[in-house]
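These notes are about the structure you will find just below.
Rule-based calculations on the coordinates, nothing more; no lab input. A quick note: this is a predicted structure, and the numbers were derived from the prediction, not measured. Note: ideal-geometry Cβ built from the backbone for every residue, glycine included; neighbour counts use all protein chains shown.
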Amino acid sequence: CAVVGIFNHVEASKLAYFSLHSLQHRGQEAAGISSGDGERLHTIKDRGLVTQVFDEQKLATLKGHMAIGHTRYSTAGDDSILDAQPVHANYDLGQISIVHNGNLTNAQEVRNKLIKEGAIFQSSMDTENLIHLIARSNQGKLKDRIIDAVKQIEGAFSLVFLSRSKMFAVRDRFGFRPLALGRIGEGYVVASETCAFDLIGATYIRDVEPGEMLIFEKGKAPQSLKIFDAMPKHCIFEYVYFARPDSEVFGKNVYQKRKNMGVQLAKEQPIEADMVVPVPDGGVPAAIGYSQESGIPYEMGIMRNHYIGRTFIEPTQEMRDLKVKMKLSPIRELIEGKRLIVIDDSIVRGTTSRRIVRMLKEAGAAEVHMRISSPPTTDPCFYGVDTPNKEKLIAANMSIDEICHYIEADSLAFLSTEALMRSVRAEGSEYCTACFTGEYIV
Ligand code: 5GP
Ligand code: SF4
């Protein structure tokens with residue numbers, strides 16, 4: 001998912017809209033914005049892409065100098081409109097609205113406890129727990145109620161809250177999911193990725209720190225509170241696949257990291273071939289790195305159709321196969337008779353690689369060597385990325401040789417975990433690698 005918050009700007013909801021547009025890659029299932037005009041909060045949310053959910057007229061009703069927004073990728077909960085965010089509610093202190101990126105690992109326990117105490121839930125989202133925890137807290141001030149609430153939840157959360165007059169941003173102690181702070185005019189912006197800042201003309205200040213709460217209040221500089229001891233475990237998959245290459249994530253540029261992975265992959269897994277071909281778009285930076293390191297020419301041997309969108313397609317297995325065919329097609333003249341090194345960022349179910357190898361062979365490729373710029377995905381993510389459960393993860397159930405046979409490639413190799421760490425390591429920072437190593441943090 002993506003979150004954004006705009007504070008103290010006359011066009012707050014418009015800036016939230018444009019920010020969400022640049023963060024669309026983080027979730028395509030639903031989108032929503034809440035704005036605050038100092039009196040009350042206004043919320044619009046629905047299933048679909050940002051451009052499908054909002055138009056000029058709708059945005060005009062989202063009045064006020066502050067706004068928060070969300071694009072949804074279902075990790076917790078299901079696909080219904082009730083599971084779109086922001087989660088907006090009335091309670092004894094007035095109105096509140098919340099957006100959340102991440103996944104709470106103790107959500108079911110907390111929910112069961114709340115239900116026993118009489119709470120009624122409208123959605124299946126773990127985020128709804130927070131509303132109840134805040135409403136039931138004994139603390140007088142909203143700030144203290146939020147602290148009280150987030151101390152009862154565990155797992156991954158980059159959160160933005162809107163009240164009648166204030167905005168709050170909170171990040172879990174591990175900093176699994178990104179959250180950056182920027183400045184725009186006299187106001188402030190927080191967003192999952194800095195590509196949102198570039199679009200709306202905001203300047204990046206720093207990240208919201210793991211374990212930090214920022215309080216935005218009119219006429220004051222943002223107030224920072226340490227509410228958890230920081231233990232950084234940033235999601236390495238943001239660099240592998242999730243984030244946009246032009247973003248700074250965890251303070252570093254994503255494109256550079258991804259390209260490094262390709263360089264490392266060329267060092268670890270060289271093979272003789274005629275050209276390096278990326279699986280667009282995810283494999284592009286790593287393929288450039290691989291090509292530069294190996295000296296083998298880079299060619300765009302596969303074209304991507306960018307106009308697929310979500311259309312009518314439900315994410316079932318059969319439909320996934322069709323979707324790959326609709327999305328990617330080979331340039332026959334280029335690859336005919338050639339030995340190809342094909343670079344992708346990850347193999348999850350194996351569906352994409354299998355289709356691509358077959359497609360390239362049908363188009364006349366002499367050899368297809370798959371090189372993956374991350375280690376085998378062996379374990380599901382519980383911190384906010386929608387990896388399927390272990391039964392569906394091909395690398396959890398097959399050896400690399402077996403996967404190679406399954407996808408019908410001439411050879412297959414992955415980046416090692418050590419080389420992945422070398423590609424991304426910034427001094428002193430620590431990463432979560434659980435989906436590649438099974439070493440879970442919480
Ligand atoms: P597979 O077909 O093996 O299940 O998925 C691998 C392909 O999906 C790769 O091309 C990769 O870029 C992309 N991919 C990797 N992780 C994710 C994810 O979390 N969500 C989506 N939608 N695609 C992913
Ligand atoms: Fe990221 Fe993987 Fe850790 Fe999930 S398990 S937070 S995807 S590194």
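So here's what we get for this one:
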read-out: Surrounding net charge for Ala365, when Lys and Arg each add one and Asp and Glu each subtract one, Cβ distance under 14 Å; value: -2
read-out: Linear extension gain, Val10 paired with Glu418, 0.36 nm per residue minus alpha-carbon span; value: 142.1 nm
read-out: Rounded to whole Hz, the Karplus (6.51, -1.76, 1.60) HN-Hα couplings of the stretch 29-36, x for glycine and proline; value: 7, 7, 8, x, 9, 10, 10, x
read-out: Rough spin-label spacing in nm, given labels placed 7 Å along Cα→Cβ, for Ile331 and Arg358; value: 2.5 nm
read-out: Proximal lysines to Lys257, defined as alpha-carbon separation beneath 23 angstrom and excluding residues fewer than eight positions away on the same chain; value: Lys233, Lys267
read-out: Amide H contacts of Cys432 (H built 1.01 Å from N, under 5 Å, at least 5 apart or other chain); value: His234, Cys235, Ile236
read-out: 24 Å Cα-Cα threshold exceeded, pairs from Lys259/Lys390; Lys151/Lys218; Lys14/Lys218; value: Lys259/Lys390; Lys151/Lys218
read-out: Angle in degrees between helix 12-22 and the longest Cα principal axis of the chain, rounded to the nearest 10; value: 20 degrees
read-out: Antiparallel %, DSSP beta bridges [both residues in the chain], to 5; value: 80 percent
read-out: In order through the stretch 241-252: 3J(HN,Hα) via Karplus (6.51 cos²θ - 1.76 cosθ + 1.60), integer Hz, x for Gly, Pro; value: 9, 6, 6, 7, x, 7, 7, 8, 10, 6, x, 10
read-out: Under the Karplus curve 6.51 cos²θ - 1.76 cosθ + 1.60, θ = phi - 60°, whole-Hz ³J(HN,Hα) for the stretch 396-404, x wherever Gly or Pro sits; value: 7, 10, 9, 6, 4, 4, 5, 5, 4
read-out: Ranked Ser247, Ser165, Ser192, criterion: other C-beta atoms within 10 Å, fewest first; value: Ser165, Ser247, Ser192
read-out: Sparse-neighbour loop sites [trypsin sites (Lys or Arg not before Pro); the stretch 178-222; at most 15 other C-beta within 10 Å; DSSP]; value: Lys218, Lys220
read-out: Cut-off under 5 Å, modelled amide H: who pairs with Gln152 long-range; value: none
read-out: Stretch gain in nm, segment His306-Lys220, where the contour uses 0.36 nm per residue and the Cα spacing is subtracted; value: 26.6 nm
read-out: Mean projected area in nm² (Cα convex hull; one quarter of hull surface) for the chain; value: 20.6 nm²
read-out: Protection-proxy order for peptides 109-120, 400-411, 369-380, each taking the mean of Cβ atoms within 10 Å per residue, highest first; value: 369-380, 400-411, 109-120
